[in-house]
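Trainee: Let me begin by handing over the structure; questions about it come next.
Any read-out appearing in this document is the output of simple, stated calculations on the displayed coordinates, not a laboratory observation. Because the structure is predicted, anything quoted here is derived from the model rather than measured. Here the Cβ positions follow ideal geometry from the backbone for every residue, glycine too, while neighbour counts run over all protein chains shown.
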Amino acid sequence: MNKNIIFHIPFYADKNHLSGSNIRPYKMIEAFEKIGFNVDVVMGYGAERKTQIENIKKNIEQGVLYDFCYSESSTMPTLLTENNHLPKYPNLDFGFFKYLKSKNIKIGLFYRDIHWLFEQYKNNVSFLKRAISTYFYKYDLKKYVDLVDIIYLPSLKMKNYIPINQNLNFKELPPAIDEEIEYEKTENKELKLFYVGGMGELYQLDEFFKAVSSLDFVTVTVCTREDEWKNIKDRYSPYLNERVKIIHEGPSGYAPYLKESDIAVLFVKPIKYWDFAIPVKLFEYIKYSKPILSVEGSAVSNFVEKNDIGWVLPYSSYELKNLLIKFFEDKNEIEIKTRNTREIIPRNTWTARATKVKEDLSK
């Protein structure tokens, strides 16, 4: 007989909008189901969540047992996730957590991001909106302290930035891999590199473009959103040539380029945000068994180094250029890192993440 859990997110997650915050909830729900749970979901706008919460409370009062509640935060404050961003349901979600606590049902919460503490948030949001949002972000943290048993983070380094002093139970729960892609060994005479992701303040690739532009044995495919590329293109234009291909595709469109590549790229400028942030694309690269170029001092480079699945360099075009020359002369090291990447896939699936939560919250 399957056991029951509650899956809670305080927002509407659109399956058709492929951002990390929308993908992850559905992957985790599916993973919990795969490991044998009936999952009662609280998700959507306030009115919908209210009905779902009432149904779960009725179940509990009628004797239904829930092993635990797993929740994921929004990138917005919990109370501001309505379409109009007004706190129409001020007691709904945390009132539900308080009720679960009164029934001795443990709560684990994945705290998605703390972008609101960094310069890019201050630079892009008006003072008034920022002041209001910051108040509600801090309110979330206060409620987590009072009500949540385990706070999961993309990487444990993130806890150093969270502005709360309590000795909370933090654990790491990074993104994961949906499924392994059948490995196809690449036989490229040249060296093929692939990058997918943003192009802007968070994702600065100047040193990467500078390094590859002068190497005639390197070809690069960069997949990014069309509007972001238009905004940044002039900055990188001195380094563009016929060996640099810019595409604007979703996962199915960029998959052939990623499959054909020798190395995947996360060689971005190490601003403070990257101390703890773990992008979903890291695990997309792993899914295709691609070793990864990363920059020292980041959560990504810690993961790469710990698992021996790529290279950690200073953010320097000189250092990168020398490494690529070495690889062109001898690809043996690429093959070793590729093999290591394949080997870590089973312990980095969504079902592995769900199993960890089960083990943590069932103790």
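Trainee: What fraction, in whole percent, of alpha-carbon pairs in segment 1-152 exceed 20 Å separation?
Mentor: 50 percent
Trainee: Can you find, among Ser298, Pro174, Ser73, the residue farthest towards the positive end of the dipole of the chain? Put +1 on the C-beta of Lys and Arg, -1 on that of Asp and Glu.
Mentor: Highest projection toward the positive end goes to Ser73.
Trainee: Exceeding 23 Å between C-alpha atoms, which entries from my cross-link table qualify? They are Lys306/Lys356; Lys192/Lys290; Lys287/Lys363; Lys15/Lys363; Lys57/Lys129.
Mentor: Lys287/Lys363; Lys15/Lys363; Lys57/Lys129
Trainee: Note down the nm distance, to one decimal, between modelled labels 7 Å out along Cα→Cβ at Asn231 and at Phe170.
Mentor: It is 2.9 nm.
Trainee: Related question: Of [x] 31.3, 98; [y] 21.9, 70; [z] 24.9, 79, which is the value of Rg and Dmax of the Cα atoms in Å derived from the coordinates here?
Mentor: Looking at Rg and Dmax of the Cα atoms in Å for this model, the match is [y].
Trainee: Still on this structure, I have one more. Projecting each Cα onto the charge dipole of the chain (Lys/Arg +1, Asp/Glu -1 at the beta carbon, about the Cα centre), which of Ala211, Ile107, Gly44 comes out farthest on the positive side?
Mentor: It is Ile107, whose Cα lies furthest towards the positive end.
Trainee: Oh, and also: Do the sum for the chain: with -39,500 (n - 2.57) for every DSSP H run of n ≥ 4, divided by all residues, what is the mean residue ellipticity at 222 nm, to the nearest 500 deg cm²/dmol?
Mentor: -13000 deg cm²/dmol
Trainee: In debye, nearest 20, what is the charge dipole magnitude of segment 293-363 about its Cα centre with +1 on Lys and Arg Cβ and -1 on Asp and Glu Cβ, if you could check?
Mentor: Using Cβ point charges on Lys, Arg, Asp and Glu, segment 293-363 gives about 420 debye.
Trainee: Any idea what the dipole of segment 155-312 comes to, in debye rounded to 20, about its Cα centre with Lys/Arg Cβ at +1 and Asp/Glu Cβ at -1?
Mentor: I would put it at about 420 debye.
Trainee: Which residue, Ser73, Ser301, Ser289, tops the fluctuation ranking in a GNM of the chain built on C-alpha contacts under 10 Å?
Mentor: In the Gaussian network model the winner is Ser73.
Trainee: So what is the relative contact order for the chain, in percent, with contacts set as C-alpha pairs under 8 Å and at least six apart?
Mentor: Reported relative contact order: 16 percent.
Trainee: Using the Cα atoms of segment 245-363, I'd like the radius of gyration and the largest Cα-Cα distance, Dmax, both in angstrom.
Mentor: Over segment 245-363's Cα set, Rg and Dmax evaluate to 15.5, 52 Å.
Trainee: If Lys and Arg each add +1 and Asp and Glu each add -1, what is the summed charge of the other residues whose beta carbon sits under 15 Å from the beta carbon of Lys233?
Mentor: -1
Trainee: Which whole number in µm²/s is D for segment 150-280 by Stokes-Einstein, with the Kirkwood Rh taken over Cα pairs at 20 °C and 1.002 mPa s?
Mentor: Answer, rounded: 126 µm²/s.
Trainee: Here's another thing I want to ask about it. Find the relative contact order for segment 134-179 and round it to a whole percent, using C-alpha pairs within less than 8 Å whose residues are 6+ positions apart.
Mentor: For segment 134-179, the relative contact order is 39 percent.
Trainee: Over the Cα atoms, compute the radius of gyration (one decimal) and Dmax (the largest Cα-Cα distance, rounded to a whole number) for segment 20-66, in Å.
Mentor: In order Rg, Dmax, the Cα atoms of segment 20-66 give 12.3, 36 Å.
Trainee: Compute a Gaussian network model of the chain, connecting alpha carbons closer than 10 Å, and tell me which residue from Ser252, Ser74, Ser155 fluctuates the most.
Mentor: Ser252
Trainee: Using only Cα atoms, figure out Rg for segment 117-163 and give it as a multiple of 2.2 N^0.38 Å.
Mentor: That works out to 1.32 for segment 117-163.
Trainee: Further question: Exactly which trypsin sites (Lys or Arg not before Pro) in segment 39-68 are in a DSSP loop and have at most 11 other Cβ atoms within 10 Å?
Mentor: none
Trainee: Nothing charged except the Cβ atoms of Lys and Arg (+1) and of Asp and Glu (-1): what's the magnitude of the dipole of the chain about its Cα centre? Round to the nearest 20 debye.
Mentor: In debye, rounded to 20, the chain gives about 1180.
Trainee: A further question follows. Local charge sum around Lys356 (other residues, Cβ-Cβ under 15 Å, Lys/Arg +1, Asp/Glu -1)?
Mentor: Summing Lys and Arg as +1 and Asp and Glu as -1 gives +3.
Trainee: Express the Stokes-Einstein translational diffusion coefficient of segment 101-213 in µm² s⁻¹, to the nearest whole number, given a Kirkwood radius over alpha-carbon pairs, 4 °C and a viscosity of 1.567 mPa s.
Mentor: Calculated translational D: 71 µm²/s.
Trainee: Classify segment 293-334 from the C-alpha gyration tensor, please: rounded if a/c falls under 1.5, else prolate or oblate depending on whether a/b exceeds b/c.
Mentor: Oblate is the answer for segment 293-334, as a/c is 1.5 or above yet b/c matches or exceeds a/b.
Trainee: Now for a separate question. With label points built 7 Å along Cα→Cβ from the Cα atoms of Glu190 and Arg130, find their separation and express it in nm.
Mentor: The two pseudo-label positions are separated by 4.3 nm.
Trainee: Compare Lys143, Lys27, Lys192 in a GNM of the chain, Cα atoms joined below 10 Å, and give the one with the largest fluctuation.
Mentor: Lys143
Trainee: Got the relative contact order for segment 236-293 handy, in percent, Cα pairs under 8 Å and 6 or more residues apart?
Mentor: About 41 percent, as a whole number.
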